[in-house]
1. Only one residue in 114, 122 is touching a residue at least 12 places away in the same chain (Cβ under 8 Å), under 21 Å from residue 24 (Cα atoms) and surrounded by 15 or more Cβ atoms within 10 Å (Cβ to Cβ). Which one?
2. Quick one: is residue 88 within 18 Å of residue 36 (Cβ to Cβ) and touching a strand residue (DSSP E or B) at 6+ places or on another chain (Cβ under 8 Å)?
3. Of all residues in the stretch 17-30, count the ones that are crowded, with 19+ Cβ neighbours inside 10 Å and either touching a helix residue (DSSP H, G or I) at 6+ places or on another chain (Cβ under 8 Å) or under 19 Å from residue 109 (Cβ atoms) (or both).
4. Could you please let me know if residue 87 is in contact with a helix residue (DSSP H, G or I) (Cβ under 9 Å, 6 or more places away or on another chain) and part of a strand (DSSP E or B)?
5. Exactly one condition in (1) free of Cβ contacts under 8 Å to residues at least 40 places away in the same chain; (2) surrounded by 14 or more Cβ atoms within 10 Å (Cβ to Cβ); (3) more than 14 Å from the chain's Cα centre (by Cα) is not met by residue 99; state its number.
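What follows draws every value from the coordinates through simple rules; no lab data is involved. Note that this is a predicted model, so its numbers are computed, not measured. Ideal geometry is used to build each Cβ from the backbone, glycine not excepted, and the neighbour counts take in all protein chains shown.
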């Protein structure tokens, strides 16, 4: 029995649609990361990026459990002394809901050379409408 290794020319990508208001943030990020990496495919090969495109809708209706809305913090730094900025999850969802989902999915992806390409295939929209209807994305239940 031989081990199958997928070639770059054999990659076929699909489009998936996920509603962010159906699952909590962590479980949503796991489902999205799985599709972006292609781990649910039979032809999964770790060193080949054979993942699919994922479209996320209703990011503003994101659900979390516990006290995460106030306790979970997002940090960024300007590079200057005293330039540390801190926002709670509630403030991030209010200002830019797509950031919370992208950061959660980024944390679920492996930290390697393929991570940026995989994250680039994630499209997040705040409302129920999206611009990728021509691709006929299949809905993930």
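1. Going through 114, 122 in turn, just one is touching a residue at least 12 places away in the same chain (Cβ under 8 Å), under 21 Å from residue 24 (Cα atoms) and surrounded by 15 or more Cβ atoms within 10 Å (Cβ to Cβ): 122.
2. no
3. 5
4. yes
5. Only one criterion in (1) free of Cβ contacts under 8 Å to residues at least 40 places away in the same chain; (2) surrounded by 14 or more Cβ atoms within 10 Å (Cβ to Cβ); (3) more than 14 Å from the chain's Cα centre (by Cα) is unmet by residue 99, namely (3).
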